[in-house]
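As structure tokens, the structure follows; a few thoughts come after it.
The values are calculated or read from the model by the stated rules, or taken from the named source; none is laboratory data. All values derive from a computational prediction rather than experimental measurement. Counting neighbours? That spans all protein chains shown, and the Cβs are built from the backbone with ideal geometry, glycine included.
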Number of protein chains: 2
Amino acid sequence: MANYLAMNRDELTAEKAALEAKYKEFQAKGLKLNMARGKPGPHQMDLAMDLLKMNDYTTDAGTDARNYGELEGLQEARVLFADVFGVKPEEVFVGGNSSLQLMYNLVNIGYVFGFPESPCPWSQVEKRKFLCPVPGYDRHFAITEEFGFELVSVPMTPNGPDMDIVEKLVAEDPDIKGIWCVPQYSNPDGYTYSDETIERFAKMKTAAPDFKIFWDEAYIVHHLTDEIIETPVLLNESKKYGNENRVFMFTSTSKITFPGAGVSAIACSESSMKYICKRFSVMIISYDKMNQLRHVRFLKNKEGVLAHMAKHRRRLVPCFDAVKTAFKNNLIPCGDIAHWTDPKGGYFISLYVMPGCAKRVAGLCKDAGLTLTGAGSAYPYHKDPEDSHLRIAPTYPSLDEVETASELLCICVRLAVAEKLLADKAD
Amino acid sequence: MANYLAMNRDELTAEKAALEAKYKEFQAKGLKLNMARGKPGPHQMDLAMDLLKMNDYTTDAGTDARNYGELEGLQEARVLFADVFGVKPEEVFVGGNSSLQLMYNLVNIGYVFGFPESPCPWSQVEKRKFLCPVPGYDRHFAITEEFGFELVSVPMTPNGPDMDIVEKLVAEDPDIKGIWCVPQYSNPDGYTYSDETIERFAKMKTAAPDFKIFWDEAYIVHHLTDEIIETPVLLNESKKYGNENRVFMFTSTSKITFPGAGVSAIACSESSMKYICKRFSVMIISYDKMNQLRHVRFLKNKEGVLAHMAKHRRRLVPCFDAVKTAFKNNLIPCGDIAHWTDPKGGYFISLYVMPGCAKRVAGLCKDAGLTLTGAGSAYPYHKDPEDSHLRIAPTYPSLDEVETASELLCICVRLAVAEKLLADKAD
């Protein structure tokens, strides 16, 4: 291996031929590997099987968790999530198995009814816009796209979204109604917002009185190193500036217990809580409190959550290591053809390949039996202007499979780059 | 006791004094009884405790119910509900713990996006209307009220809504976008729609191409007699006239297993299914399939459901009997001061007191420690034009409590009527 960027036409042609041979070997294996979505693997879900032994139905207050009632969630569940968020139990709403659904519900409420601070429902704002730090989470972007918002990209940095740009946009344009954020171990880069970024979110001036920060703490306890990273709590910081109604924080146990059968939660101001409970009460009598109680009995408190997450970490670190080691050994020697993030937590590694190559890499992988998230997915409208980004999710496959997939992925990256460089030379 | 309507002023005054004395005795007891909501009692929920022993997570297809995926529900859960509905599994969507939330979601979809047949989203229909058979279910009405529909009352009959009126209204007015129905053991009357009514719903002409029937089969297997009443299946009947996209049927296990932790389902045409899955996929990745699997393993099939419902019936029949016997013994002798329904299933008895007395009865009950659903709740905007209707829910209290509550209720009815008759004579 040598620096691709220094190769001449003949060298590149030879390299391409060698890669094609290796690629065909992989194709012959008939692989069926998937690194597309942030899905926990079976061995991770096995860690929570004791959850199912928790069959009690009497709450601490003596009520019956099997029956209707307590829309805002069981008190003990609110206490648990308050502990995880770093807020007060009265500021917590505990829902069903999907935090994505809670986010959708709140965008929907803004769209149909508006919030107490809204001059009008968002549906009546003709050029409504939502800020999308990029790369970001495709399902977030899809919600606001569904409701007809223009998705405005804001570049991510290792400290969070570029706040100079965010502050300028929200100060000037009252049609910008909110922003999607994954502040800890961001999806897909794995960056954690700096204290300064959080402070700037808390205090920034917004032209829209009903600007909302959708702050998805999907990975708040999903550490991949010994370091337990804890950042200032946006809701609490916002209170210092009287901006607490701007904040909706979310989390869930989807990547703590069971992805499809966990518990989700919102943290917001008590004033927002009152408003959303009024709206939610028309939609649903109460969420599954048996599952809430099961989770409280199993996880107990934040300490219990962290102890459980340490078990996940032990199982995930080797998978992340396999990917990063493959990249280091197979891509760095080729010169500046790709770079990637080194997350301290979360579920993803961002791989940035030479611009113009990401789609080709994903296509090559697919044709050899390795599914990646579609290139461009992390950008509004699935359009990566550079065609450079790929989101790598190393959690679901087994370690053996991750090793194989990483090797194949590196060959695909190198092959796509060699093709590109040859094509460029032909121009 | 004698016929109140035949009493003169002095006789009524004496009767009223006697009733007041009895009423005070009840007040002195410091009762705390609740017949307000259709809530199963603890002894009913205990019947389903084996549900919690079902801790398997491998589906019949070999997939893992703990993980993300299968938005439309587990195949075996679709089969179970198809069996209950009397439709095909491909026509069933299995959701979370709340059928009310599914109804809300669908009204919301109509409002924001419209349906494939819609000339425009319902939000753009300025004078949008929804038909509400009365008396009906307050939470149904509240959803369409929340979305700004004018709620148009249609009188109920023992055979279902007055179809002459329904047909006329929907044929003439394209702004009428749907109707709320509880076709079996209706809430609150306990009436079951006749075969003719169902047929007329299936074939009626609607001015709105996107007219939707919200057909809430909340009590589809909730029989209170030996008779297993089964009616034509609206979705199947509608196909005969090419109107299958008009139908959304709903049910849930809320009153089969656990009210707060059951499983809900929709039945609709495959074409509607495709559309709603597309919309729902933006909102949620998948519902709690562990709870779906638990329910399938526990209930097994329709036969299993009916066997389980027979256990409920044995426990509920005495409570309904207590109410009806109290009415018969204490109200009939007083003449035509009240009448009530005799449901063959469901969760409620409708009590119609002399017009102008319902609110007073509910108030008297409340002041003696018996909570009823607020008078008027079964009507749009909570306004019973006759002030006559009360919905009696005899399931949640113990049999002893139902007996006491029924006795108190009869005294309150008679007292309110005596007061009314005296006031009328004073006029």
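Which members of the range A:58-69 meet the condition of being facing chain B (nearest Cβ under 8 Å), assigned to a loop (DSSP other than H, G, I, E, B) and more than 33 Å from the chain's Cα centre (by Cα)? Outline the logic, then answer.
Pass one, the range A:58-69, residues facing chain B (nearest Cβ under 8 Å): A:64-69.
Now restrict to residues that are assigned to a loop (DSSP other than H, G, I, E, B): A:65-69.
Of everything in the range A:58-69, just one residue is facing chain B (nearest Cβ under 8 Å), assigned to a loop (DSSP other than H, G, I, E, B) and more than 33 Å from the chain's Cα centre (by Cα), namely A:Asn67.
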For the range A:333-341, check the following and say yes or no: at least one residue is among the small types (Gly, Ala, Ser), under 27 Å from A:Gln184 (Cα atoms) and either surrounded by fewer than 21 Cβ atoms within 10 Å (Cβ to Cβ) or touching a Gly at 6+ places or on another chain (Cβ under 6 Å) (or both). no
Count, please, the residues in the range A:322-361 that happen to be under 12 Å from A:Ala393 (Cα atoms) and out of contact with any Ser or Thr (no Cβ under 9 Å at 6 or more places or on another chain). 0
Filter the range B:223-242 for residues that are part of a loop (DSSP other than H, G, I, E, B) and touching a Ser or Thr at 6+ places or on another chain (Cβ under 8 Å) and give the result. B:Ile229, B:Thr231
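Would you check which residues across the range A:262-280 are of a type in the set (Gly, Ala, Ser) and part of a loop (DSSP other than H, G, I, E, B) and list them?
Looking only at the range A:262-280, we keep the residues that are of a type in the set (Gly, Ala, Ser), and these are A:262, A:264-265, A:267, A:269, A:271-272.
Of everything in the range A:262-280, those that are of a type in the set (Gly, Ala, Ser) and part of a loop (DSSP other than H, G, I, E, B) turn out to be A:Gly262, A:Ser269.
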Among the numbered conditions (1) out of contact with any helix residue (DSSP H, G or I) (no Cβ under 7 Å at 6 or more places or on another chain); (2) under 17 Å from B:Glu91 (Cα atoms), tell me where B:Met249 comes up short. (1)
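Kindly evaluate B:Ala48 against the criterion of being out of contact with any Asp or Glu (no Cβ under 9 Å at 6 or more places or on another chain) and more than 11 Å from every other protein chain (Cβ to nearest Cβ). Give the derivation first.
Values: out of contact with any Asp or Glu (no Cβ under 9 Å at 6 or more places or on another chain): yes; more than 11 Å from every other protein chain (Cβ to nearest Cβ): no.
In short, no.
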Taking B:Thr325 as the residue in question, decide whether it is hydroxyl-bearing (Ser, Thr, Tyr), away from every other protein chain (no Cβ under 14 Å) and under 26 Å from A:Glu70 (Cα atoms). no
I'm trying to understand the selection: among the residues of the range A:251-282, which are at the interface with chain B (Cβ under 9 Å from one of its Cβ atoms) and within 30 Å of A:Ala202 (Cβ to Cβ)? A:Ser254, A:Gly262, A:Arg279, A:Ser281
Just to be sure I understand, how many residues within the range B:265-278 are of a type in the set (Gly, Ala, Ser) and surrounded by 24 or more Cβ atoms within 10 Å (Cβ to Cβ)? 3
Only strands (runs of 3 or more DSSP E) wholly contained in the range B:314-427 count here; list those with 3 or more residues that are in contact (Cβ under 8 Å) with a residue 12 or more places away in the chain and more than 16 Å from the chain's Cα centre (by Cα). B:338-340
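Suppose we keep only residues that are within 10 Å of chain A (Cβ to nearest Cβ) and part of a loop (DSSP other than H, G, I, E, B) within the range B:30-45. Which one would you say is nearest to the chain's Cα centre (by Cα)?
Going through the range B:30-45, the residues within 10 Å of chain A (Cβ to nearest Cβ) turn out to be B:37-42, B:44-45.
Going one step further and asking which of them are part of a loop (DSSP other than H, G, I, E, B), we end up with B:37-41.
Values: B:Arg37: 10, B:Gly38: 8, B:Lys39: 11, B:Pro40: 13, B:Gly41: 17 Å.
Filtering first and then ranking leaves B:Gly38.
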Among the candidates A:Gly148, A:Gly95, residue that is under 23 Å from A:Lys302 (Cβ atoms) and among the small types (Gly, Ala, Ser): A:Gly95
So which residues in the range B:241-250 are within 14 Å of another protein chain (Cβ to nearest Cβ) and either over 16 Å from the mean Cα position of the chain (by Cα) or aliphatic (A, V, I, L, M) (or both), if there are any at all? none
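Being among the hydrophobic types (A, V, I, L, M, F, W, C), more than 10 Å from chain B (Cβ to nearest Cβ) and within 25 Å of A:Leu306 (Cα to Cα) narrows it down to one of A:Phe130, A:Phe141, A:Phe93, so name that one.
On the way: A:Phe130 fails: within 25 Å of A:Leu306 (Cα to Cα); A:Phe141 fails: within 25 Å of A:Leu306 (Cα to Cα).
Just one listed residue meets the conditions, A:Phe93.
To keep it simple, each residue is scored yes or no on (1) touching a Cys at 6+ places or on another chain (Cβ under 8 Å); (2) aliphatic (A, V, I, L, M); (3) modelled with pLDDT under 95.
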residue: A:Lys300; (1), (2), (3): no, no, no
residue: A:Ala307; (1), (2), (3): no, yes, no
residue: A:Ala310; (1), (2), (3): no, yes, no
residue: A:Val317; (1), (2), (3): no, yes, no
residue: A:Met354; (1), (2), (3): no, yes, no
residue: A:Val361; (1), (2), (3): yes, yes, no
Quick check, is B:Ala267 in the same structural domain as B:Lys16 (by TED's automatic domain parsing) and in contact with a strand residue (DSSP E or B) (Cβ under 6 Å, 6 or more places away or on another chain)? no
